[in-house]
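Below is one structure; the comments refer to it alone.
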Amino acid sequence: MRKGKAEGVFRECGANAALDLDGSGRAQISCGSGFLDHMLTALARTALLDLTAEAKPGFYKTQALGEAIGLALDGSLGDRSGIRRYGSSSVPMDEALADVALDFSGRPYLVISGEFRGERIGDFEVQLLQPFLEALCTGARLTLHVRFYGENDHHKAESIFKALGFALRQAWAREGTGVPSTKGVI
């Protein structure tokens, strides 16, 4: 059973997430942003991850949500025995392209390269994408590299979340029996 459940708290804000790595891509998201709900639904679908997530209102709800999902992901992986560990994916959305590479290294780190043209995509402030991903990386103890470009901000963001979903699915795939590290621990 590769399931995880966690609460994330960032400053005064809280969020809850529950997930099943061996799901079918079902999502039930309520985070106060229709656009972010849409992105997390796309992530769940491409990752074949069953995801339930809810953020309570507040200025830092996006970071709390990233942390909750990351912690649930970390909990679902246990000691990370038998997983592939690494994953990468490129996803085009019309004129936009996102490349994502990740490592369940135990060392949280985010590198992101690309720019959005506007300040908002629907009801979502694009400057919150990086803090969301940082909180996700910290909670999941994940190294994540994201490169993206394009013309349409919605397409750029959606390609990022879909590429992340495919890369996550690769990285947590069952492959072998031991911890995938020369040190024997992650």
Residue that is surrounded by the fewest Cβ atoms within 10 Å (Cβ to Cβ) [pool: residues in the range 127-161 that are out of contact with any Asp or Glu (no Cβ under 6 Å at 6 or more places or on another chain) and more than 26 Å from ASP74 (Cβ to Cβ)]:
TYR149
Being crowded, with 24+ Cβ neighbours inside 10 Å and assigned to a loop (DSSP other than H, G, I, E, B) is the filter here, so list the residues in the range 42-68 that pass it.
LEU49
Can you find even one residue in the range 116-124 that is crowded, with 18+ Cβ neighbours inside 10 Å and out of contact with any Asp or Glu (no Cβ under 7 Å at 6 or more places or on another chain)?
yes
Taking the range 115-156 and keeping residues part of a strand (DSSP E or B), under 14 Å from SER33 (Cα atoms) and without any contact (Cβ under 8 Å) to a residue 60 or more places away in the chain leaves ARG120, GLU125
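We did not get these values from a lab; they are worked out from the coordinates using the rules stated. None of the values given here were measured: they were computed from a predicted structure. When we count neighbours, we look across all protein chains shown, and the Cβ atoms used for this are built from the backbone with ideal geometry, even at glycine.
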